[in-house]
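Structure record follows, encoded as structure tokens.
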Amino acid sequence: MPVRSTRLSVVVPVLLGLAVGVHSATASAEQPAPMAPVTAPPSAAPATVPGAPPPAPVAPDQTTAAPPETAASPQTTMGNTVSAFAALGYSYGFSTALGVGARYQITLVPKGFLHHLPPQMHDEFALEPGFDYFHASYGFGAGYSWDYNEYTPLVGALWNIWINDNLAVYPKLDVGFRIASWSESTNGMSVNTGHADLFPLYFQAAAGIAYRLGIVSLRAEVGWEALRAGVGVTL
């Protein structure tokens, strides 16, 4: 029996080793494999080519409309204004002349020349053609009188400086052509008439003021030959 015992001592360890190996392999197969971490795919960046121009900027969304611009309020003006004046002339020798006149104002430079005024102020440059009529009388002794009449078509240049929407002040220069005549009378009867022998060019510098009340303007001017007060209406 010694041969059989020897075979058993060899076979038993081999079988035990195979059993242990099969059991280890089975246990390893039953354990779950570890999961790989999930990561977000990287954002796709535009490929750039060396030396290529940069991509064009994306236009903004045009669906949102820009807010409408607020229209600026119109500025007060004396343009297109017809004015009538009563006048007092104090350069007619021994007498004071009474007169009437009319003007029509035409704005040439509506935005003026002063561009740094406070917001409530503005200026404008204008021409004002029109005419004047003056009458002066001189009395000498009983029943004798000498009458003088002057008709003057003229044009004025003025610079309106508006202090606010109602009040303006202005310097003014009038140039015109005087057509004058005279007559003598005794006891109401004309005895002599003629054209006045005087320099026909009329020239006067003046300063004025205008106050707007809607389309109506109250005006006054003082110059070295006459004082005027009147009313204007903007057409």
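What follows is calculated from the coordinates using simple rules that are stated; it is not laboratory data. It should be emphasised that the depicted structure is a prediction, and the values quoted were computed from it without experimental measurement. Here the Cβ positions follow ideal geometry from the backbone for every residue, glycine too, while neighbour counts run over all protein chains shown.
Under the condition of being over 15 Å from Gly79 (Cα atoms) and touching a Pro at 6+ places or on another chain (Cβ under 7 Å), which residue from segment 156-182 is surrounded by the fewest Cβ atoms within 10 Å (Cβ to Cβ)? Across segment 156-182, the extreme among qualifying residues is Phe177. Being among the hydrophobic types (A, V, I, L, M, F, W, C), under 18 Å from Gln204 (Cβ atoms) and touching a residue at least 12 places away in the same chain (Cβ under 8 Å) is true of Leu88. The set of residues from segment 219-231 being under 16 Å from Ala102 (Cβ atoms) and either surrounded by fewer than 21 Cβ atoms within 10 Å (Cβ to Cβ) or of a type in the set (A, V, I, L, M) (or both) comprises Ala220, Ala226, Ala229, Gly230, Val231. Please count how many residues of segment 199-214 are among the hydrophobic types (A, V, I, L, M, F, W, C) and surrounded by 11 or more Cβ atoms within 10 Å (Cβ to Cβ). Adding up the residues that qualify gives 6.
Could we say that Asn192 is of a type in the set (S, T, N, Q), touching an Asp or Glu at 6+ places or on another chain (Cβ under 8 Å) and more than 30 Å from Gln120 (Cβ to Cβ) here? For Asn192, the condition - of a type in the set (S, T, N, Q), touching an Asp or Glu at 6+ places or on another chain (Cβ under 8 Å) and more than 30 Å from Gln120 (Cβ to Cβ) - is met. Could we say that Tyr144 is aromatic (Phe, Trp, Tyr) and within 22 Å of Ala226 (Cβ to Cβ) here? Spelling it out, it is not the case that Tyr144 is aromatic (Phe, Trp, Tyr) and within 22 Å of Ala226 (Cβ to Cβ).
Give the residue that is farthest from Ser137 (Cα to Cα), with candidates limited to residues of segment 171-230 that are of a type in the set (Phe, Trp, Tyr) and touching a strand residue (DSSP E or B) at 6+ places or on another chain (Cβ under 8 Å). That would be Tyr211.
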